[in-house]
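Please treat every number below as a calculation from the coordinates, not as lab data. Since the model is a prediction, treat every value here as computed from it, not as a measurement. In this analysis, Cβ positions are derived from the backbone assuming ideal geometry, glycine residues included, and neighbour counts consider all displayed protein chains.
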């Protein structure tokens, strides 16, 4: 009789454990994500949608992520705080938007005269960049991951041609991040304005110039209708957006869902770079054929030299006053020296040697 009872108890235990495991496997985990962009924002917003779709599909529906755009949460530049506080579980934004709050976040978007997109991805994944980003975000209960790259950004739209350094004096320009500090050192007035307000600010003379992204997004924004001078880039050679996650929330997910989420972010990040590259090529062709009044310019050598000098001086000042900044700056500069030799031989060398 005891033997029979033991068997019944064992069978009941197996059934119970199996039921628990099935229940756990079927449990749906719901996350909320705040993005800095408006609803259906092209390219940037597509990166978020792609990540959400992949995460749900790879998890067989166990991981569902609700996306709130800036028009809903009303704080395009508040994503960092909302995720840190737990109001949202995740965010999609740009790291350099938060330099006023955590100065060392700005290095993980892009740096003037710095690495290209592929060089920077190599730094993130194989040169210690991700580990440094982890170190900066950890005190805020956050984990950040690359969230999509625009590639080389254009230098901006200007109402008037820039012929010399004096033309930068008192120029009010929308330009975030480190580049804003460089222009400020040269006498300009940098401001940061949410994406949805850029055209209006330019139209109403609130600003004299702005940089946004490049042909992939600029053409549809209509900036060329107001500011016809379109300058080549110098300030953002590899603009990387970011996914940020509340670390406690990430740790609370089952291990397989954590892995799925990271893979989805990684894939969405690269996909955005490819989409941005393709869109820029298509839109550049349209711009040059449909809008011949757009005047594509390169900044004068005098201006570029002054920008580079100002950039180097600011980097030296930041490295001298902040140990973590010094660590990040050194890592980026050392990696650029290493990787640029190969870029010159491979990418640049190939283009130069096969140009007709």
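Considered as a group, the residues in segment 81-107 that are in a helix (DSSP H, G or I) and in contact with a strand residue (DSSP E or B) (Cβ under 7 Å, 6 or more places away or on another chain) include one that is nearest to residue 44 (Cα to Cα), and that residue is 95.
The set of residues in segment 32-61 that are part of a loop (DSSP other than H, G, I, E, B) and either within 21 Å of residue 193 (Cβ to Cβ) or in contact with a strand residue (DSSP E or B) (Cβ under 6 Å, 6 or more places away or on another chain) (or both) comprises 36, 37, 38, 39, 40, 41, 42, 43. Under the condition of being surrounded by 15 or more Cβ atoms within 10 Å (Cβ to Cβ) and assigned to a strand (DSSP E or B), the residues counted in segment 64-80 number 3.
Counting only helices (runs of 4 or more DSSP H) wholly contained in segment 198-279, the ones carrying 2 or more residues that are more than 21 Å from the chain's Cα centre (by Cα) occupy 198-203, 247-252. Count of segment 285-331 residues, restricted to those that are surrounded by 17 or more Cβ atoms within 10 Å (Cβ to Cβ) and closer than 30 Å to residue 48 by Cα, is 5.
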